[in-house]
Structure formats: structure tokens, C-alpha cells
Amino acid sequence: MKLKLKIWRQKNQNSRGGFSNYTVEASPEMSFLEMLDVLNQQLIENKEEPVAFEHDCREGICGTCSMVINGQPHGPMGLTTTCQLHMRHYKDGDTIVIEPFRANSFPVIKDLVVDRASFDRIIEAGGFISVNTGQAPDGNTIPIEQDEAKKSFDAAACIGCGACVAACPNSSAMLFTAAKVAHLGHLPQGQVEQSKRVKRMIAQMDKEGFGNCSNTYACEAECPKGISVANIAKMNRAYFSAVVSTDEK
Amino acid sequence: MSWITNFLTSSLGKKLVMSLTGLFLIIFLVVHLAGNLQLLFDDGGEAFNIYAHMMSTDPLISVVAYGLYFFILLHIVQGILIAFQNRGARKVKYAMSNRKSNTFASRNMMLLGLLIFFFLAVHMGDFWYKMKFTNELDMVTYAGYDAAVRDLYTRVNAAFQEWWIVLIYIIGLIALALHLWHGFQSAFQTLGLNHKKYTPIIQGLGKIYSIVIPIGFAIIPLYYFFVK
């Protein structure tokens, strides 16, 4: 299958980017990233600069691959990361527009690669448990009701890819932050620091310049891991209660 | 006091203000509609004029009314500030974006809000301002009611004979319906009320409310224009 690609090329963080057009020969069993590998091979052979894009596990679990494909983060398939998207969902002759995730808090480093360190700083602000909770066997000695464990696990499925920010019309990071808060907050080990955690993570999220949540739920619709916006409501509750219960300003 | 300013300037604090003022306005709309439906009585405006007199003179209602003006302004100013901040959070826009992942109303709350605001300016300028600050309206008396009251009914009747005023009302009410379509359930989500037990009920009530209330209001100008 022959595809026309319109890809965002940008030399570095400070340069102005723009779209470049390419054609590539792909086969239906390729993944989207393999199709880009073929394009890059082609560019290298022509002594052109290959397209920079992020990838790591290519199994849909690491959260490294990003890019917005025809207006959708991770492309058109629900609950699917870019690396798990396959070319069989496209037809011969299709035009595909590929852009980086866009938000002031995710500056473009090069081409389709963006800097998501703002997420790391939100985690550093409180997305952890300060005491040593031991290894897996130690965790298993604490009985946790199945429904709570499931809620925690559903939130822990967040791979921190940033598709929520990319999809949100306000570039809000609420779904990511809420997933991390819910993941730890549903477990007894995470309960002790929950109030301070919520306050500090939200303060950092605001400081990073993400927009405010306006409940459009585009994040939930585009999340490759199906994180529910109910986590955002839970974080809101926890935040309002933290404001009146913690000693911190 | 800095914990209060920290809270009110945080993204969640700002949203809480939007949610609570929005819910207050949602309650107000029910009361306002209930009062206005008296315009449909075939009594030459007696019930409506007496009601309007009571609404503009009762001291308790005056206190609530000043609260209402304040909350409307707070909702508007805060909403505009949030919307501009949100737009500014993505300086380089997408060449292509997916419109299916959210609703038109949820993306355009500021635009819909501004349409409602322009409608409100026309609406209040025509009735509220003339009732409270001018002597344009004639005084009438009714048997069984001691005080002479302003004849707001005649002004309403005259306004709703003008096609362009009726059109402004219909546009304003369509904007209101869309604003509520997103705003009703959104207010509860912001408060942290989202659970599979009751969220479907809130969403259902929100949809019914955002259709029934604007239609209730729209009946009045349409009835005066086409029937009376």
C-alpha cells in the first residue's frame, strides 16, 4: 500500500517547524512505527535527515510513543498506543497527517519528539510513598479488598504518555494527575500521605502551565489505557478536603 | 490568609467557583421560570404585575437579588479568565483535531456564555432597568391589593410583538440550552460527584433540565408573538 504522509518537521526547540510531504510503501501487517522506520530508512538512503520520533517497548506498555495522527493522539483506534496501531486500518492512497503532542508544557524537542518532563515533576511533587513498603511479598501480607485493589490497579494502568494533555482542548493534565493520585490513594500504604500528595501534585501541575479542566472528557476518549474521568472527580474531592485538613498553605 | 488565595487561584479552586455559581444560577432559573409562567394567565397581567412588584420591593428578595447579580458577574468574569488561560496553554495549534472526542457545547462554553450575556443585557435593559430605574411604566391598581404596582405586563406584551426581540430571546435560549447541556453535569463532576451509582441520574436530569427549562422560557415570547 502506498501512503502519503504529511509530517511535522522541526529542527529544535527554538526553530519554527512546518509540514513536509513524503510517500511511503507500507504493508498492512506493519505497525505504525514500523511504517515510519521504513520511511526513515528511505530518508537515510537519500541522505536526508530521518524523522525523529519516540519509541521504546513497542508493546503498548511504556508510554514512550506519542504523536497525533490525523488529529487523534495515538491514532484512530480506541485503547491503542501508536506502536500497537497497525497499517491494516489504512487504505492504499490514504493521506496521514502526523503532528507532535501540542501543549506549552510539552515543548517540541525535535520533529515529533516532545519534552514530557513536566509529568516527571508532577510525580516528584508527591506521586510516591515516602516509607519503604517492601517487596511484592510484603505488599501481599496486607489484605486489600478486591474492589479497592481493582480501582487502584485501573488507575495504575496509566502509562504517563500524555495523550490526555494532547487531546484536551485546554491542554489540562488532570487525567494523568488524577490517575496517579487514585493509584496510590486506594491503597493503605498510600493513604497516610494522600492529602499532602494531592495538594502538592496539583500545585505542581498548575505551576507547569497546564490548562484548567473543563470536563470535556476528550482525555478519557483518547486515553490508550481507558483511565476514567471518575478519577478526576475523586481527586477533586480529595483536594477540597485536603485544603481544609492539611497544615500546609 | 494565604491558604485561601492559594486555594482560590489554584485550577481546582477556580473551577469550584464556576461550579457553585453555576449551580446557584441553575436553581435561580427554576424560580424565575415559575414566576414568569404567570404571563400565560389570561388575567390582563394582574398576577404577573403583583408578583413583579413583590419581587422588586421585598427586602429579603432584594438581598438574594444582589447575591444573584454578584454570582452572575463572578461566573462570567471567572469563566472568561479560565477560557483565555486554557486557550493560552497551547500556543501552537493542531493542523487537524478530532471533533468526535467531545461535544460542541463542552468546547464552546465561553462563546455560549457570551451569547447568553448579550441576551441578558437586552433582557435586563428592557425590563429590569425600566422597572427599577425609570418611570416609563404606568402604575396600575388591582382590587384586593393595596399598593399601586408598575405595569410591567404591558411592556412585556409590547416587547414580544417585535419579531427581532423574540428572535434575540430564542437565540439566547438556544445558547442557554447548550450551555446547560454541558454545564449541569460538569458542575457535579467538578464538585467531585461522579459515581456509577448516581452519575447516570445526574446526566439524565441535566439533559431533561437543559431542554425543559429553555423551552419553558421560550413558550412565553412565542405565545405573545403568535397567539396574543
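Over the range A:117-245, the reciprocal of the mean inverse Cα-Cα separation, the Kirkwood hydrodynamic radius, stands at 14.8 Å. Taking label points 7 Å from Cα along the Cα-to-Cβ direction, A:M1 and A:E48 give a separation of 2.1 nm. In whole Å, what is the distance between the alpha-carbon centres of the range B:104-147 and the range A:51-122? For the range B:104-147 versus the range A:51-122, the Cα centre distance is 50 Å. Axis angle, to the nearest 10 degrees, between helix B:46-57 and the longest C-alpha principal axis of chain B: 60 degrees. The value of relative contact order for the range A:117-245, using C-alpha pairs under 8 Å at least six residues apart, is 34 percent.
Is there a quick way to get the dipole size of the protein assembly as shown? I mean about its Cα centre, with the Cβ of Lys and Arg at +1 and of Asp and Glu at -1; what is the value in debye to the nearest 20?
Numbers: 43 positive and 39 negative charges, 133 e Å.
Computed about the Cα centre, the dipole is about 640 debye.
Among complete DSSP H helices in chain A, those whose alpha-carbon atoms stretch at least 18 Å along the helix's long axis and whose mean Kyte-Doolittle hydropathy reaches 0.0 are A:32-45, A:230-245. Take the Cα coordinates of the range B:158-204, assign each an equal point scatterer, and use the Debye formula without solvent to give log10 I(q)/I(0) at q = 0.25 Å⁻¹. Each listed q corresponds, in turn, to -0.84. Here the range A:117-245 is assigned +1 on the Cβ of each Lys and Arg and -1 on the Cβ of each Asp and Glu. Its dipole about the Cα centre then comes out at about 280 debye.
Filter the trypsin sites (Lys or Arg not before Pro) in the range A:91-184 to those in DSSP coil with at most 14 other Cβ atoms within 10 Å of their Cβ, and list the result. Hits after loop and neighbour filter: A:K91. Here chain B is treated as a Stokes sphere of Kirkwood radius computed over C-alpha pairs; at 37 °C and 0.692 mPa s its diffusion coefficient rounds to 166 µm²/s.
Considering only the Cα atoms of the protein assembly as shown, their convex hull presents on average a projected area of 29.7 nm².
Give A:K196/B:K197; A:K151/A:K249; A:K150/A:K225; A:K150/B:K14; A:K249/B:K91; B:K15/B:K130 a once-over and call out the pairs whose C-alpha atoms are over 24 Å from each other. Beyond 24 Å: A:K196/B:K197; A:K151/A:K249; A:K150/B:K14; A:K249/B:K91; B:K15/B:K130.
Over the range B:14-114, calculate the relative contact order: mean separation of alpha carbon pairs under 8 Å at least 6 apart, over the residue count, as a percent.
It comes to 33 percent, rounded to a whole number.
Placing pseudo-labels 7 Å out from each Cα toward the beta carbon at A:S245 and A:N104 gives an inter-label distance of 3.3 nm. By the rule of a C-alpha distance below 27 Å, with chain neighbours fewer than 8 residues away ignored, the lysines paired with B:K132 are B:K228.
Stretching the chain fully between A:S130 and A:V38 yields a gain of 28.6 nm (0.36 nm per residue, less the alpha carbon separation).
Rounded, prolate or oblate: which fits the range A:87-188, taking a ≥ b ≥ c as square roots of the Cα gyration tensor eigenvalues, rounded meaning a/c under 1.5, else prolate when a/b beats b/c? It comes out prolate by the Cα gyration axes.
What's the angle, to the nearest 10 degrees (0 to 90), between helix B:109-123's Cα axis and the longest principal axis of chain B? With both axes taken from Cα atoms, the answer is about 10 degrees. Averaging 1/r over every pair of different alpha carbons in the range A:2-110 and inverting the result gives a Kirkwood radius of 14.3 Å. Note on the range A:2-110: with charges restricted to the Cβ of Lys and Arg (+1) and Asp and Glu (-1), its dipole about the Cα centre is near 480 debye.
Taking a ≥ b ≥ c as the square roots of the Cα gyration tensor eigenvalues, the range A:164-233 comes out oblate, since a/c reaches at least 1.5 and a/b does not exceed b/c. By how many degrees, between 0 and 90 and to the nearest 10, does the Cα long axis of helix B:11-36 differ from the longest principal axis of chain B? Roughly 20 degrees, rounded to the nearest 10. Taking one quarter of the surface of the convex hull spanned by the alpha-carbon atoms of chain A gives a direction-averaged projected area of 15.2 nm². Taking A:P143, A:P224, A:P188 as the candidate residues, the one with maximal mean-square fluctuation in a Gaussian network model of chain A, Cα springs under 10 Å, is A:P143.
No lab work stands behind these numbers, since they all come straight from the coordinates. Note that the coordinates shown come from a computational prediction; the quantities given were computed from them, not determined experimentally. Every residue, glycine among them, receives a Cβ derived from its backbone with ideal geometry; neighbour counts consider all protein chains shown.
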